[in-house]
Number of protein chains: 2
Amino acid sequence: MAAAIPAAMERLIRMLSRLPGVGEKTATRFAFHIIEQPPEYAEGLARALSDSRREVGWCSRCFGLSESPLCPLCADPSRDDSTVCVVEGVPDQVAIDRTGAYRGRYHVLHGSLAPLRGMGPDDLRLKPLADRVLAGGVKEVIVATNVDVEGEATALYIRRLLEPSGVRVTRIASGVPMGGDLEFMDQITLSRALECRREM
Amino acid sequence: MAAAIPAAMERLIRMLSRLPGVGEKTATRFAFHIIEQPPEYAEGLARALSDSRREVGWCSRCFGLSESPLCPLCADPSRDDSTVCVVEGVPDQVAIDRTGAYRGRYHVLHGSLAPLRGMGPDDLRLKPLADRVLAGGVKEVIVATNVDVEGEATALYIRRLLEPSGVRVTRIASGVPMGGDLEFMDQITLSRALECRREM
């Protein structure tokens, strides 16, 4: 960068370029946009950042986002305690809950097993999941980790982890998505769709 | 959004989605990323925002970014006072200065003439430009506004504005860019390249 960019702004650009999918060019565009706005915007964004990081924590039961020890989804008495849906992250939890098709509880792992990236079982919230199940009251654990190598490995690990409890462990279906054109589906998806075929 | 996203985070997402090119989905991804990082990141970003907005202002002469009344480019005694390069924004100034091909002064307009978007001559730093030129010492003004309808209109306006001063007003060349394949150039660029042809 040329001498025209002050140090405080270089720091801002460096911080912004750590956002996912944001490189130096985009971060620079963000920073210029912020500087050109009325000062209320930068101040408001700074406050929203501090507030979020201070007020928002993890639910002590499901490890989803929460402003109190128990998140609204865990505190809601109308939800079904006997089913726990296990997800990798909060965005997955939000996506599933938005469907309205699920009224049970959740458990957020905060990642998936990825030995190559140094993510082992102790880095995920697996122990609290086993404890929740062993405490009783849970009849079914639906494993809704991603349908990729890491998500599948995590699902297998969970099945083995919960085997001693005797609880039913299910996996979300995988196959051709709605609107999917068979011609353009990859081989693994098609094989999976065939393998998991159902009576109709 | 489902009930799983706390209010402080909704605020953060709303603020982030005002960044250029960032929609609600990207803002949500940024927010989740920020929450998952160690708290130092959110705090550091918040501080960088406040610092930038507080420490960085506009140079009183060229209206580029500056941490002091006069920016480093205006304060540098080795630069040529007789040439002023007029740009629409600071990113343009940075891009030109990075080439190393220009050693004169700058003047940042902070926009271009766009009557449909309500940007008239009084919304740009045109008056200070005229004052700078009238104060004497300037021999050439290079208009480096964008080569689009608004940039061209702004360039024409500047030429007329500075006519009484008798100072030489030039425009950056426009034509086929380096590596440009004639086959894929638009008609306006090609016509311009032909029209502005030079002896060789």
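Over the protein assembly as shown, accessible surface divided per residue gives 55 Å², non-protein components excluded, 1.4 Å probe.
Phi angles across the stretch A:165-179 convert, under the Karplus curve 6.51 cos²θ - 1.76 cosθ + 1.60 with θ = phi - 60°, into 3J(HN,Hα) values of 6, x, 6, 6, 10, 10, 10, 4, 5, 10, x, 6, x, 4, x Hz, Gly and Pro given as x. Structure remark: mean-square fluctuation, Gaussian network model of chain B, C-alpha springs under 10 Å; the largest value among B:Asp181, B:Asp122, B:Asp51 belongs to B:Asp181. Its residue count N fixes a reference of 2.2 N^0.38 Å for the stretch A:1-121, and the Cα radius of gyration divided by that reference is 1.44. Over the C-alpha trace of the stretch B:53-200, radius of gyration and Dmax come out as 16.3, 51 angstrom. Helix A:149-162 and the longest principal axis of the Cα set of chain A meet at an angle near 50°. Per residue of chain A, the DSSP helices (runs of n ≥ 4 H) give a summed -39500 (n - 2.57) that works out to -13000 deg cm²/dmol at 222 nm. Counting Lys and Arg as +1 and Asp and Glu as -1 over every other residue whose Cβ lies under 10 Å from the Cβ of A:Glu150, the net charge comes to -2.
Rounded to the nearest 5, the antiparallel percentage of DSSP beta bridges internal to the protein assembly as shown is 20%. Amide H contacts for B:Thr170 (H built 1.01 Å from N in the peptide plane; partners 5 or more residues away or on another chain; cut-off under 5 Å): B:Val141, B:Ile142, B:Val143. In this assembly of identical copies, the label point of A:Ser191 (Cα plus 7 Å along Cα-to-Cβ) is separated from its counterparts by 5.8 nm, sorted shortest first. Note on the protein assembly as shown: Cα-only Rg and Dmax are 28.9, 91 Å. Converting phi to 3J(HN,Hα) with the Karplus coefficients 6.51, -1.76 and 1.60 and the offset θ = phi - 60°, the stretch B:47-56 yields 5, 4, 5, 4, 4, 4, 5, 8, 7, 9 Hz in sequence order, with x at every glycine or proline.
Summarising the amide proton neighbourhood of A:His107: residues at separation of 5 or more, or on other chains, whose placed amide H is nearer than 5 Å comprise A:Cys85, A:Val86, A:Val87. Averaged over the residues of peptide B:36-48, the number of Cβ atoms from other protein chains lying within 10 Å of each residue's Cβ is 6. When DSSP beta bridges are restricted to pairs lying wholly in chain A, around 20% turn out antiparallel.
Working from Cα pairs under 8 Å separated by at least six residues, relative contact order for chain A is 13 percent.
When chain A is treated as a GNM with alpha-carbon contacts under 10 Å, the residue of A:Ser112, A:Ser50, A:Ser17 showing the greatest mean-square fluctuation is A:Ser17. Peptide A:93-101 has a mean of 3 when you count, residue by residue, the C-beta atoms of other protein chains within 10 Å of its C-beta. Kirkwood analysis of the stretch B:131-196, using all unique Cα-Cα pairs, places the hydrodynamic radius at 13.6 Å. Sites listed here are trypsin sites (Lys or Arg not before Pro) in the stretch A:98-200 whose DSSP assignment is loop and whose Cβ has at most 10 other Cβ atoms within 10 Å: A:Arg197, A:Arg198. Between B:Gly120, B:Gly100, B:Gly64, the GNM of chain B built on Cα springs shorter than 10 angstrom shows B:Gly100 fluctuating the most. With a 1.4 angstrom probe, the accessible area lost at the B-A interface totals about 5000 Å².
What is the percent carbon and sulfur in the accessible area of the stretch A:74-200, measuring with a 1.4 Å probe over the protein chains and ignoring ligands? About 56 percent, which is the carbon plus sulfur part of the accessible surface. Using a cut-off of 11 Å between beta-carbons, work out the net charge of the residues near B:Arg117 (Lys and Arg +1, Asp and Glu -1, B:Arg117 not included). Result for the neighbourhood of B:Arg117: -2.
The values are calculated or read from the model by the stated rules, or taken from the named source; none is laboratory data. Every value quoted in this text rests on a predicted model; they were computed, and no experiment measured them. Backbone-built Cβ (ideal geometry, glycine too); neighbour counts: all protein chains shown. Surface areas here come from the heavy atoms of the whole protein model, side chains and all, with no ligands, DNA or RNA. Shrake-Rupley method; radii C 1.70, N 1.55, O 1.52, S 1.80 Å.
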